[in-house]
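Q: Got a structure here, written out as structure tokens. Questions coming.
The values are calculated or read from the model by the stated rules, or taken from the named source; none is laboratory data. Not measured: the values here are computed from a predicted model. So basically every Cβ, Gly included, is an ideal-geometry build from the backbone, and we count neighbours across all protein chains shown. Accessible surface areas use protein heavy atoms only, side chains included; no ligands, DNA or RNA. Shrake-Rupley method; radii C 1.70, N 1.55, O 1.52, S 1.80 Å.
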Amino acid sequence: MEIRAATVLPARREPIELHTADGLTLVGELALPADRPAVATLVTLHPLPTHGGFMDSHVYKKAANRLPALADLAVLRFNTRGTSSERGTSEGAFDGGEGERYDVAAALEYAEFHDLPKVWVVGWSFGTELTLKWAHDPLVEGAILLSPPLHRATDADLDAWAAFGRPLVALVPEFDDYLRPEEARARFARVPQAEVIGVEGAKHLWVGEPYVRIALNEIVKRVTPDAFPLPTDVP
């Protein structure tokens with residue numbers, strides 16, 4: 001069977017709640033391999049909620065639909081404060097990336113409390129800003145950025161990640177609306193351990209199954225290399 005945009009592969013999918021230090025309850029979902037332990041974990045941070053971003057943004061939804069089965073990954077998705085999806089609405093209100101520091105911390109605390117293995121943070125657009133500003137936690141093995149705008153995240157945040165020392169991979173679309181590969185390489189040069197990958201033909205929103213597959217393969221290549229490359233068909 002060919003894996004298509006709507007393919008949902010077997011997994012254990014559990015509704016979860018995250019509790020922030022400033023008293024909010026956030027809604028989310030954890031997808032785990034159906035019949036074996038996860039070997040690594042993706043904590044996902046979604047695009048800008050004021051522009052339609054949420055835990056079901058399509059790359060993350062497809063990651064949860066596929067990667068537990070294909071790469072033995074746990075995929076944790078959640079709505080940041082004030083964000084709604086089919087799963088529900090997280091308490092609080094959008095805070096431009098500042099109050100969201102508590103949301104990131106709550107997700108990482110959940111992963112630690114539930115003994116989720118080998119945690120990598122995956123940020124997309126606004127989620128990359130949250131990653132760079134708030135995800136340098138000892139629990140985090142590394143981070144992968146999809147379409148980083150480097151708008152709210154400043155050179156000081158890049159310097160903080162450089163000091164953190166963990167791997168940082170930026171997937172930058174050729175036709176991104178905000179930051180394109182050449183400029184991204186210049187900006188990320190201040191992070192010695194950063195790798196910038198220009199993705200030919202891609203746009204900011206990664207629309208189209210070929211680009212989703214590139215994003216998921218690049219994630220798996222770093223986090224669970226034994227599962228790379230991902231199959232395009234399943235029995």
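Q: If one computes the Cα centroid of the range 184-207 and of the range 63-85, what distance in Å separates the two points?
A: So the separation of the two Cα centres works out to 23 Å.
Q: Starting from the Cα of E200, step 7 Å along the direction of its Cβ; do the same at V8; then give the gap between the two resulting points in nm.
A: Placing both labels 7 Å along Cα→Cβ, they lie 3.6 nm apart.
Q: Roughly speaking, to the nearest percent, how much of the range 158-203's 1.4 Å accessible area is carbon and sulfur? Numbers along the way, then the final one.
A: On the way: 1120 of 2390 Å².
Carbon and sulfur atoms account for 47 percent of the accessible area of the range 158-203.
Q: In square angstrom, what is the accessible area per residue of the range 86-235 with a 1.4 angstrom probe?
A: On the way: 6820 Å² over 150 residues.
So the range 86-235 comes to 45 Å² accessible per residue, rounded to a whole number.
Q: Short version: ³J(HN,Hα) in whole Hz for each residue of the range 62-79, in order, from phi by Karplus 6.51 cos²θ - 1.76 cosθ + 1.60 (θ = phi - 60°), x for Gly and Pro, what are they?
A: 5, 4, 5, 6, 10, 6, x, 7, 8, 9, 6, 9, 8, 10, 9, 10, 7, 8
Q: How far apart, in nm, are two points set 7 Å out from the Cα along the Cα-to-Cβ line at R190 and at E109?
A: It works out to 3.1 nm between the two label points.
Q: Students often get this wrong: which residues of the range 18-38 have the backbone nitrogen under 15 Å from the point 7 angstrom along Cα-to-C-beta of A160?
A: none
Q: Can you give the helix-only mean residue ellipticity at 222 nm for the chain, where every DSSP H stretch with n ≥ 4 adds -39500 (n - 2.57) and the sum goes over all residues, rounded to the nearest 500 deg cm²/dmol?
A: Helix contribution divided over all residues of the chain: -9000 deg cm²/dmol.
Q: Then there is this: How far apart, in nanometres, would the label points at T89 and V234 be if each is projected 7 angstrom from Cα along the Cα-to-Cβ direction?
A: Once both label points are built, they end up 3.4 nm from each other.
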